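Here is the structure we will look at.
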Amino acid sequence: MRRDIFQAIADPTRRGIIALIALQSMTPNAIAENFNTTRQAVSKHLRILTECELVKPEHQGREIYYSLEIDKMKEIDKWLDQYRKIWETRFNQLDQVLSTIKIKKQKK
């Protein structure tokens, strides 16, 4: 079953895993050391992140290292960008209102 990337990042543990492997590739055991959870739970989160193509497993000898798929993260950023533009517009409008109020107060 292919999962949605937004379903994957909805979980705080998965967001934490993404933050960890954004810095360097890590094994499941190394990732699990950073969380108060079992290795099996981390493996489940990694499976979901892999299904969503947010992380990529790479075999190196007997170990599997997980790394972040930057292109998929860009997909999330692209979706957020539409809202970022709305927020920026509203903040600019708020700045204009506050400037107007400040000028009126100075004239009094």
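The table that follows gives values for the structure above.
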item	result
Residue 53 vs. criteria on the phi > 0 side of the Ramachandran plot, in contact (Cβ under 8 Å) with a residue 12 or more places away in the chain and out of contact with any Gly (no Cβ under 7 Å at 6 or more places or on another chain)	yes
Filtered residues of segment 57-78 (kept if closer than 23 Å to residue 16 by Cα, out of contact with any Leu (no Cβ under 8 Å at 6 or more places or on another chain) and free of Cβ contacts under 8 Å to residues at least 60 places away in the same chain)	58, 59, 63, 64, 65, 67, 70, 71, 74, 77, 78
Residue within segment 4-27 that is acidic (Asp, Glu), on the phi < 0 side of the Ramachandran plot and assigned to a helix (DSSP H, G or I) present	no
Odd one out for residue 106 among (1) more than 19 Å from residue 4 (Cα to Cα); (2) under 22 Å from the mean Cα position of the chain (by Cα)	(2)
Residue 43 being surrounded by 10 or more Cβ atoms within 10 Å (Cβ to Cβ), among the small types (Gly, Ala, Ser) and in contact with a strand residue (DSSP E or B) (Cβ under 8 Å, 6 or more places away or on another chain)	no
So residue 85, is it of a type outside the set (Asp, Glu), surrounded by fewer than 12 Cβ atoms within 10 Å (Cβ to Cβ) and closer than 20 Å to residue 5 by Cα	no
Residue under evaluation residue 20, criteria (1) touching a residue at least 24 places away in the same chain (Cβ under 8 Å); (2) surrounded by 15 or more Cβ atoms within 10 Å (Cβ to Cβ); (3) aliphatic (A, V, I, L, M), criterion not met	(1)
Residue list for segment 47-63, filter: touching a helix residue (DSSP H, G or I) at 6+ places or on another chain (Cβ under 7 Å) and closer than 19 Å to residue 75 by Cβ	48, 49, 52, 53, 54, 55
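Values quoted throughout were computed directly from the atomic coordinates according to the rules given, and no laboratory measurement underlies them. Note that the structure is a prediction, hence the values are computed from the model and not measured. Counting neighbours? That spans all protein chains shown, and the Cβs are built from the backbone with ideal geometry, glycine included.
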